[in-house]
Every structure is written in structure tokens, then in C-alpha cells.
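First comes the structure, then the notes that go with it.
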Amino acid sequence: MVYMLPALSFESITTDNVSSFYQRKIEVDVLRLDKISPIISGNKWFKLRYYIEEVLSQQKKGILTFGGAWSNHIVATAAACKESGLQSVGIIRGEEPKEKSPTQQQAHELGMKLIYISRSDYQLKKIPGEIEADEYCIVNEGGYGITGAKGASTILDYCSKNYTHYCCAVGTGTMMAGIINRVQPGQNVVGISIMKNNRELENMVQELTKDDKKNWQIFHDYSFGGYAKHQPALLKFMNEFYKQTAIPSDFVYTGKLFFAINNLIEKNYFPPMSSLLLIHSGGLQGNRSIPPGTLSF
Ligand SMILES: *Cc1c(COP(=O)(O)O)cnc(C)c1O
């Protein structure tokens, strides 16, 4: 089956006001990157755009990258490469499953060559010998790197207002670094780590930011048990958020972001008169890994 990639729709990105949900004297908008495409949704295309340019200018075959079974980055890489007529290779952590997850199935249909390696080899990011690695641009897991952050900075091209705080979910920190590099003096960036106690993150973000900026902070208290873990309180919150705002979220990233911001607002973390932009970084495809019916959308 040849998979047709729907055209990316950057013109459908909106900033939706959700101040009434948060019920405080604070302006809260959501930047809807989830609307770009059901496949390369959210921040992933932005993080990949300059890697794609590199491949084209260096006349390589395509991109080789790494990810887990449900990785949004894997599907997005497959899609972005297909869009540009390039090849893609995904090195996947763990045994080849009897049945591919929908994420892997989609990457496969988009033409990605999937190679499964053991967890220990994955840790070392070993590239199997069957692949001519120098024919590809090797992209870190999650698109982490200066090139990824540079692309992520361009997310804010899609938002015309200025805010006091820009808030996003943090996996590798690439998107957050891009936002930090882009905002003006006096504007702050708040990151919500979706992993448990990932104390490397501050260094990883610092590594990708230009100056010694001090206008950012990462919160580590909202992981709900760790990466891709969830709890009833989170799912309940996501359903309520959807009911009141008509904005769907994913349980790995943006659900935790919206929940955390609610909690931080309740704790008066943001000074009165603050204005917040919450970046809806997509990821909705990942909700397919939880039982149907758990979420109301
Ligand atoms: C990958 C991803 C993130 C994390 O981005 P990083 O740049 O790795 O921090 C956030 N939200 C969604 C929906 C993602 O898929």
C-alpha cells in the first residue's frame, strides 16, 4: 500500500484563548501546532526542517534516526523525508514485535526502513552494519541538537502576539531551547519535564541555548510517574480540558503541560497580569496506545 501524506497545513495553526478555563486574571493562549497534520503534528516538523535542508544540500540519501516503539519523532521523520523525496531509516529500541504498533506501521507505510536493535545496543546508539551510515544525515533521538533547536525557534513565526511566558512540554529540551533562543529580553520560558527526575535536562537545554540566559525554568513535578506514564487524575483533567476548550491533548506531553500550568496558576507562580502562550506541540497520535474510550475525544 502506498501511503499518501496529507499536505501540511501551516495556515490552520491558530492561537486559541483558554483564559476562561484557567479562571484567573491571566491571559492564556494555546498555539495549536497539533493542527498542522495528523501525522507530522506539532513541533516535530519544525525540529526536522533544517536537518532536511542539510540532507538536500549535502546530497545525502536521507535521514537516519532513533526512537522507541511509539515515538512521534520516528513517524514525523518518515513523513518529513517522504515529503521531500528522501529516504529514512528508523533504528527502533527493542525486539521486532510480532505486530507493529500503529506508529511503526505508519512509519513503514511512509517508506521508512525500520531496524530493531536490542536495548543495550540502543543505549550505545549502534548503527547496524547493513546500513551505509555516511550516506545519511544522522539525527539524534528526538531531533536533539543545535539544528533541531534552530528549527524549533521558527515555531514562534506562527504567533504574532507577545507574551510574558512561553510554556512547553520538555522531552529532549530541543524545542524549549529553540524558544529560549527566540524570545525577547523580559520574556520567560517555562518547561514541564514529562520524565521522572531527568536532572540532565537543564544541561541539555543550556547546551543548545546561545547566551547564558536566565529567563527559563524547568519543572520536574508533573511527570505522573515518568515518560509515557499516566494516572487517572491526568486523563480526567484532559477530558475536562477538552470539554471546556475543545482542545484535545496527548497523555505523554501536552496533557501534562496543560495540567501543570493549571497547578502553577493555582499556586500563583505567575504574577498577576501575566500572559501565557502554551505551545500545543501535537503528539495526539500517541493516544492510540491507551485503551479506546479512556479519553472522550
Ligand atoms: C517530541 C515532543 C515534545 C518534546 O520536544 P523536545 O524538543 O524533545 O523537548 C513535546 N511535545 C510533543 C507532542 C512531542 O511529540
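The values are calculated or read from the model by the stated rules, or taken from the named source; none is laboratory data. Owing to the predicted nature of the structure, the values given are computational and were not obtained by experimental measurement. Positions of Cβ are generated from backbone atoms using ideal geometry, with glycine treated the same way; all protein chains shown enter the neighbour counts. All accessible areas refer to the heavy atoms of the entire protein, side chains included, with ligands and DNA or RNA removed. Shrake-Rupley method; radii C 1.70, N 1.55, O 1.52, S 1.80 Å.
Rounded to a whole number of µm²/s, how large is the Stokes-Einstein D of segment 56-126 at 10 °C and 1.306 mPa s, given Rh as the Kirkwood radius over C-alpha pairs?
131
Across 10 Å bins from 0, what is the distribution of all Cα-Cα pair distances for segment 7-165, in whole percents?
Percent of Cα pairs in each bin: 10, 36, 31, 15, 7, 1.
Take the cross-link list Lys100/Lys243; Lys35/Lys113; Lys113/Lys196; Lys25/Lys213; Lys25/Lys243; Lys35/Lys214 and give me the ones stretching past 23 Å between alpha-carbons. Please list the in-between numbers first.
Values: Lys100/Lys243 32 Å; Lys35/Lys113 27 Å; Lys113/Lys196 31 Å; Lys25/Lys213 28 Å; Lys25/Lys243 21 Å; Lys35/Lys214 32 Å.
Violating the 23 Å Cα-Cα cut-off are Lys100/Lys243; Lys35/Lys113; Lys113/Lys196; Lys25/Lys213; Lys35/Lys214.
Whose amide H sits under 5 Å from the amide H of Val89, counting only residues 5 or more places off or on another chain, with H placed in the peptide plane?
Hits under the 5 Å cutoff: Ile63, Leu64, Thr65, Lys113.
Grab every C-alpha pair in segment 156-281, bin the distances at 5 angstrom width from 0 up to the longest one, and report whole percents.
2, 11, 22, 23, 21, 14, 6, 1, 0
In square angstrom, what is the accessible area per residue of the chain with a 1.4 angstrom probe?
46
Along each of its three principal axes, how wide is the spread of alpha-carbon positions in segment 1-82, in whole angstrom units, largest first?
Here the spans come out as 52, 30, 27 Å, largest first.
In the Gaussian network model of the chain, springs joining C-alpha atoms below 10 Å, which of Met112, Met204, Met176 carries the largest mean-square fluctuation?
Ranking Met112, Met204, Met176 by mean-square fluctuation puts Met204 first.
For segment 83-94, take each phi angle, set θ = phi - 60°, evaluate the Karplus expression 6.51 cos²θ - 1.76 cosθ + 1.60, and give the result in whole Hz per residue in order, putting x for glycine and proline.
4, 9, x, 10, 8, 9, 10, x, 8, 9, 6, x
Give a quick list of trypsin sites (Lys or Arg not before Pro) in segment 184-234 that DSSP marks as loop, anything other than H, G, I, E or B, with at most 11 other Cβ atoms within 10 Å.
Passing sites in segment 184-234 are Arg199, Lys210, Lys214.
Using a simple spin-label model with points 7 Å from Cα along the Cα→Cβ vector, what separation in nm is obtained for Asn215 and Ser84?
Result: 2.9 nm between the two label points.
Provide the convex hull volume over Cα atoms per residue for the chain, in Å³. Write down the numbers at each step before the final one.
Working: hull volume 40.5 nm³, N = 297.
Taking the convex hull of the Cα positions in the chain, it is 136 Å³ per residue.
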